[in-house]
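What follows is calculated from the coordinates using simple rules that are stated; it is not laboratory data. Everything quoted here is computed from the prediction, not taken from an experiment. As a convention, Cβ positions derive from the backbone with ideal geometry for all residues, glycine included, and neighbour counts pool all protein chains shown.
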């Protein structure tokens, strides 16, 4: 009878604690990802820049134990939360100061507004019209460039749910754009 | 149907990619050193603000306690009451007199005394008529006090309660 020795359970090394300094060194490489995700949520490059800055500020204020490949999803989660917080504040402002809010939208980053073409505006309007649960998945995929697994982990969903919502979001955007095109042509 | 959707989506995907490229190309690099400074401010300012508020609150409390406690009014400073009759009655008070009366009530409260319930020490207040015997001015009773100070909101509430 052969007795096989049971190997000791593999010890998982603890993820290194990222000091503020080491985090600050790695963040510049993730600026693009964070900025584009914020752009997807807010639709305005100037505001996206502010949100990206806020994201990095929040990240620097809370060093974490992170595996090397977990830094990007962690940072994008912070960015998503910053965007949600801003959207919540805008909704409250819109409720109590609707005129001020309208002026704010019209003046949002005028330097960039004239550079956007009609196609971008059309897609932007369609995305903004989506229900929140669909818009979020679409933005994380198309702007944040996250894969299904990462999106599922961030939102606490199953991958199948993510795929389903993404499909519905794309179909809704296409339908809205077709309706707008049809409306313009008639 | 899904293939059609995927093909149509390619065009939208291209538009989104163009939007991303354009926005990123126009965005100046973030200055993360600015974030370090803001972070230091965020770490320092809230505790400083809390400390400042605490110091101010304690300081104001001490100030009002120290400056108010131990003050005494002389009869000359309190021309509040009429003279010449057993029943002391209130006359319309001037703004200065009202202010003095409010301050008096406030000081009594600070000294732990209830101006609506307690009597004033003899000679401390009110009736400056030398014809009225001293014992009649001792311990002005509650009703008399209320008659004199009914315009003080705190005393009104005492009456109602």
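Brief remarks on what is shown
- Averaged over residues, the count of other Cβ atoms within 10 Å places the peptides A:141-151, A:156-166 in the sequence A:141-151, A:156-166, highest first.
- Calculated FRET value between residue A:179 and residue A:81, using beta carbons and R₀ = 35 Å, to 0.05: 0.60
- Inter-label distance, nm, simple model (7 Å from Cα along the C-beta direction), residue A:125/residue A:22: 5.0
- For residues of B:8-19, the mean tally of beta carbons on other chains within 10 Å: 6
- Segments B:47-59, A:41-53, A:25-37 sorted - mean Cβ within 10 Å per residue, highest first: A:41-53, A:25-37, B:47-59
- For the pair residue B:53 and residue A:50, label points projected 7 Å from Cα toward Cβ lie 2.5 nm apart.
- In nm, spacing of pseudo-spin labels at residue A:92 and residue A:64 (7 Å Cα→C-beta vector): 2.4
- Note on residue A:118 and residue A:149: with the Förster distance fixed at 35 Å, the Cβ-Cβ geometry gives a FRET efficiency of about 0.50.
- The alpha carbon centroids of the stretch A:44-96 and the stretch A:130-147 are separated by 15 Å.
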